[in-house]
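Everything on this sheet refers to the single structure shown next.
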Amino acid sequence: MFIMDITKVVYTEIIKGVAKSVYETGGILGESKGIVSYVELDTGIERHGMKKCYYSPNTQKLNKCISVWGEYDINFCEIFHSHLGEIVGYCQKAICVI
């Protein structure tokens, strides 16, 4: 099983950021030296009036963030999103908060 080491600051930012938004929001994670230390939250974009039905990432925003991260040796490593009735759509057993 893949285990993800993530800082408590980033983990908390994800939980708080997604909890403030409606479901089907998300973002991307960045890592440096094997630890997820960066997050870019994303409310997504509306497509054909169906914003609340699925997560459609704002690829322009997120790709720009990935480019900036690259200048600082931060690697894009994951995309995440929420679902109705859940806070974060990721398996708790696969996260090691440090």
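Nothing in this text is a laboratory measurement; each read-out follows from the coordinates by a stated rule. Just so it is clear, the structure is predicted and the values come from calculations on it, not from any experiment. With ideal geometry, Cβ positions are generated from the backbone for all residues, glycine too; neighbour counts draw on all protein chains shown.
Couple of notes before you dig in:
- Charge tally in the Cβ shell below 14 Å around residue 76, where Lys, Arg are +1 and Asp, Glu are -1, residue 76 excluded: -4
- Stretch gain in nm, segment residue 35-residue 15, where the contour uses 0.36 nm per residue and the Cα spacing is subtracted: 5.4 nm
- Local electrostatic count at residue 6 - Lys and Arg +1, Asp and Glu -1, tallied over other residues with Cβ under 12 Å: -3
- For 2, 76, the sequence from fewest to most other C-beta atoms within 10 Å is 2, 76.
- Stretching the chain fully between residue 72 and residue 58 yields a gain of 2.9 nm (0.36 nm per residue, less the alpha carbon separation).
- Burial order of peptide ranges 10-21, 32-43 (average beta-carbon count within 10 Å, highest first): 32-43, 10-21
- Net charge, residue 40 excluded, C-beta distance under 12 Å - Lys, Arg +1, Asp, Glu -1: -1
- Among 79, 3, the ranking by other beta carbons within 10 Å of each residue's beta carbon, starting with the fewest, stands as 3, 79.
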